[in-house]
Amino acid sequence: MSSPKKITIVVPFLNEKENLPVLLERVAGVFAERTEDWELLLVDDGSTDGSAEWAVAQAQANRHVRVVRLSRNFGHQLAITAGLDRSDGDAVVVMDADLQDPPETIGPLIDKWREGYEVIYAVRRSRAGETWSKKFLAAGFYRVFRRLAKVNIPMDAGDFRLVDRCVVDALREMRELHRFMRGLTCWVGFRQASVAYDRAARFAGETKYPVWKSARLAFDAITS
Ligand code: UDP
Ligand code: MG
């Protein structure tokens, strides 16, 4: 019998102490019903609230948990890169720590991958608990980006997605510093599909992405 496929779940986090335990529990719940092996790869992006220490303790006790600690806060996009670089799954899921990306959507993402797709976006059917200014800016951004960059990134897809190992390897060849992972994963090609989900409100804590940071990400996205 061939060994089971392994899924790495890359989760960049900055001060998400109350969210990480719930995240781990819900991810474990998803895999309790499945045959794949899995690893939750938590990438600490310079947390100061004790969440990194919690993650390290979990990693010592639970073979499904691994931690990468960045030396300071490098930002979400670089934290994703660090996680992809250290992932060894046959497929990698990237998701946020605050449970806005529901772990239960991981199942449908894997099912699509099993059908043979190599990039599967989780596309927001709805967005709960987000300010109108952020939704308005996001909608504007996607329109401008598609026009200027000529990369047809799906509207309403964030960083929540599954990519096959071959896509991770392709992304590793591209080392620009100001990265917009969503644009890059779309640009590299491969067989792409999407799965719809309802974006939840943040479970606990506050956003680490104020509007100014979103604006900077939009700038990096378009210029890179
Ligand atoms: N995050 C990070 N580094 C940062 C900012 C955010 O790793 O400098 C993480 C954060 O902990 C979360 C994800 O990136 O897991 C998305 O951030 P957040 O939920 O604050 O953004 P929003 O959903 O409000 O756009
Ligand atoms: Mg969030």
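Condition (residue is touching a residue at least 24 places away in the same chain (Cβ under 8 Å) and under 17 Å from Phe160 (Cβ atoms)) applied to region 57-78: is it met by at least one residue?
Yes, there is a match, as at least one residue in region 57-78 is touching a residue at least 24 places away in the same chain (Cβ under 8 Å) and under 17 Å from Phe160 (Cβ atoms).
Taking region 1-18 as the search range and keeping residues that are modelled with pLDDT of 95 or more, of a type outside the set (A, V, I, L, M, F, W, C) and away from ligand 1 (no atom under 12 Å from the Cβ), which one is surrounded by the most Cβ atoms within 10 Å (Cβ to Cβ)? First the steps, then the outcome.
Taking region 1-18 and keeping what is modelled with pLDDT of 95 or more, we get 5-18.
Remaining after also requiring of a type outside the set (A, V, I, L, M, F, W, C): 5-6, 8, 12, 15-18.
With the extra rule that they be away from ligand 1 (no atom under 12 Å from the Cβ), the set shrinks to 5-6, 8.
Numbers: Lys5: 17, Lys6: 16, Thr8: 23.
Of everything passing the filter in region 1-18, Thr8 is surrounded by the most Cβ atoms within 10 Å (Cβ to Cβ).
Would you check which residues across region 102-124 are in a helix (DSSP H, G or I), in contact with a helix residue (DSSP H, G or I) (Cβ under 8 Å, 6 or more places away or on another chain) and among the hydrophobic types (A, V, I, L, M, F, W, C) and list them? Reasoning before the result, please.
To start, the set of residues in region 102-124 that are in a helix (DSSP H, G or I) comprises 103-114.
From what is left, the residues that are in contact with a helix residue (DSSP H, G or I) (Cβ under 8 Å, 6 or more places away or on another chain) are 103-104, 106-107.
Of everything in region 102-124, just one residue is in a helix (DSSP H, G or I), in contact with a helix residue (DSSP H, G or I) (Cβ under 8 Å, 6 or more places away or on another chain) and among the hydrophobic types (A, V, I, L, M, F, W, C), namely Ile106.
Keeping to region 71-85, report how many residues are crowded, with 18+ Cβ neighbours inside 10 Å, out of contact with any helix residue (DSSP H, G or I) (no Cβ under 6 Å at 6 or more places or on another chain) and not polar (S, T, N, Q).
Of region 71-85, the ones crowded, with 18+ Cβ neighbours inside 10 Å are 75-84.
From what is left, the residues that are out of contact with any helix residue (DSSP H, G or I) (no Cβ under 6 Å at 6 or more places or on another chain) are 75-76, 78-79, 81-83.
Okay, now just the ones that are also not polar (S, T, N, Q), so 75-76, 78-79, 82-83.
Counting residues in region 71-85 that are crowded, with 18+ Cβ neighbours inside 10 Å, out of contact with any helix residue (DSSP H, G or I) (no Cβ under 6 Å at 6 or more places or on another chain) and not polar (S, T, N, Q) gives 6.
Does Phe136 count as within 15 Å of ligand 1 (Cβ to nearest atom), out of contact with any Gly (no Cβ under 8 Å at 6 or more places or on another chain) and free of Cβ contacts under 8 Å to residues at least 40 places away in the same chain?
Details: within 15 Å of ligand 1 (Cβ to nearest atom): yes; out of contact with any Gly (no Cβ under 8 Å at 6 or more places or on another chain): yes; free of Cβ contacts under 8 Å to residues at least 40 places away in the same chain: yes.
So Phe136 passes the test.
Can you tell me how many residues in region 91-102 are surrounded by 22 or more Cβ atoms within 10 Å (Cβ to Cβ) and either more than 10 Å from ligand 1 (Cβ to nearest atom) or under 11 Å from Arg161 (Cβ atoms) (or both)?
6
What is the number of the single condition among (1) more than 19 Å from Arg172 (Cβ to Cβ); (2) loosely packed, with under 14 Cβ neighbours inside 10 Å that Asp88 does not meet?
(1)
The values are calculated or read from the model by the stated rules, or taken from the named source; none is laboratory data. These numbers were taken from a predicted model, which means no experiment stands behind them. When we count neighbours, we look across all protein chains shown, and the Cβ atoms used for this are built from the backbone with ideal geometry, even at glycine.
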